[in-house]
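**Q** First, the structure itself, so that you have it in front of you.
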Amino acid sequence: VAPGALAGKHIIVTSGPTHEPIDPVRYIANRSSGAQGTAIAAALRDLGAKISFVTGPASVAPPDGVDVIAVETAQQMRDAVEAALPADAAVMAAAVADWQVKNASGSKIKKDGSGTFPALDFTENPDILAWVSKLMNGRPELVVGFAAETDDVIAHATAKRLRKGCDWIVANDVSPETGIMGGAENTVTLITEDGAEDWPRMGKDEVARRLAQRMADALG
Ligand code: C5P
């Protein structure tokens with residue numbers, strides 16, 4: 001694929017974790033450095049795409065040459081994705097928190113020494129990938145999701161692809177012994193309607209370049 005293969009295309013990439021406040025100083029979050037999403041945005045940019053990079057509070061810096069939309073919560077990420085539409089493709093690489101704290105406090109919860117502890121009530125966050133995948137109007141032509149699994153990776157990711165309604169799933173095994181979380185390398189399986197394709201272990205930058213090229217081929 002020649003550079004410029006994605007010229008004229010607009011692609012939304014979500015990346016990083018979301019933070020769901022408990023009170024003004026505390027939050028719950030998923031583990032995510034944002035490394036893979038950042039690499040994907042850079043690789044798509046390198047092929048000439050215009051990138052809306054919707055990122056939660058990641059530990060790696062966003063790439064140059066993309067539109068950075070910084071958000072904190074899943075709800076803000078959903079709204080930012082909606083505002084960035086329409087797009088030719090969307091890659092949802094963010095590790096979105098599944099729940100938000102329903103009874104989040106507007107002021108810092110105090111340790112009152114009573115021996116009773118605050119109880120958190122949760123409510124479900126919007127599933128951004130499923131929502132974009134099922135848009136009746138203005139669905140991106142190609143929607144790519146991720147599946148971070150610790151067991152039965154292909155079976156779970158294949159089911160997830162159907163459940164979410166996305167076109168492709170990039171599945172990876174994030175068991176602690178793989179060192180993938182926060183590491184520089186990744187071992188992924190690309191799940192499409194044609195089946196599962198195992199990619200060898202490679203750097204996250206190389207995973208991103210390969211994925212970007214596949215996307216360019218698919219978007220023609
Ligand atoms: O259901 P699960 O979190 O395993 O799905 C992972 C995929 O769905 C990722 O692509 C992630 O970015 C996306 N996702 C999302 N919004 C959520 C939860 C997950 O976009 N609330």
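The values are calculated or read from the model by the stated rules, or taken from the named source; none is laboratory data. Quick caveat, the model's predicted, so the values are computed rather than measured. Because the Cβ atoms are built from the backbone with ideal geometry, glycine has one as well, and the counts that use them run over all protein chains shown.
**Q** Report whether or not Ile180 is more than 26 Å from Trp131 (Cβ to Cβ) and of a type outside the set (Asp, Glu).
**A** yes
**Q** Filter region 14-51 down to the residues that are over 13 Å from the mean Cα position of the chain (by Cα), under 18 Å from Glu82 (Cα atoms) and surrounded by 20 or more Cβ atoms within 10 Å (Cβ to Cβ) and list them by number.
**A** Listed by number, the list holds a single entry, Ile51.
**Q** Here's something else I'd like to know. Scan Ile191, Ile180, Ile154 and give me the residue that is over 20 Å from Ala84 (Cα atoms), assigned to a strand (DSSP E or B) and of a type in the set (A, V, I, L, M).
**A** Unique residue meeting the criteria: Ile191.
**Q** Within the bounds of region 140-147, is there any residue that is modelled with pLDDT under 95, closer than 21 Å to Leu211 by Cβ, of a type in the set (A, V, I, L, M, F, W, C) and touching an Asp or Glu at 6+ places or on another chain (Cβ under 7 Å)?
**A** Checked against the condition, which is being modelled with pLDDT under 95, closer than 21 Å to Leu211 by Cβ, of a type in the set (A, V, I, L, M, F, W, C) and touching an Asp or Glu at 6+ places or on another chain (Cβ under 7 Å), region 140-147 yields no hits at all.
**Q** So which pairs qualify, if the first residue must be in region 57-68 and under 16 Å from His10 (Cβ atoms), the second must be part of a loop (DSSP other than H, G, I, E, B), the Cβ gap must be under 8 Å, and the two must be at least 6 apart or on different chains?
**A** Once the first residue is under 16 Å from His10 (Cβ atoms) and sits in region 57-68, its partners that are part of a loop (DSSP other than H, G, I, E, B) give Val68/Pro62.
**Q** Just checking, does region 95-115 include any residue being under 23 Å from Gly183 (Cβ atoms) and out of contact with any His (no Cβ under 8 Å at 6 or more places or on another chain)?
**A** Yes: one or more hits.
**Q** Restricting to region 152-169, name every residue that is among the β-branched types (Val, Ile, Thr) and either at pLDDT below 95 or more than 8 Å from the ligand (Cβ to nearest atom) (or both).
**A** Within region 152-169, Val153, Ile154, Thr158 qualify.
**Q** Sticking with this one: Do any residues in region 78-93 that are in contact (Cβ under 8 Å) with a residue 60 or more places away in the chain and on the phi < 0 side of the Ramachandran plot have Cβ atoms under 8 Å from those of residues that are of a type in the set (D, E, K, R) and part of a loop (DSSP other than H, G, I, E, B), where the two are at least six apart or on different chains, and which pairs are they?
**A** Filtered contacts from region 78-93: Asp88/Lys9; Asp88/Glu141; Ala89/Lys9; Ala89/Glu141.
**Q** If I filter region 52-67 down to residues being outside any strand (DSSP E or B) and under 15 Å from Ala95 (Cβ atoms), which single residue comes out as nearest to the ligand (Cβ to nearest atom)?
**A** Result: Gly56.
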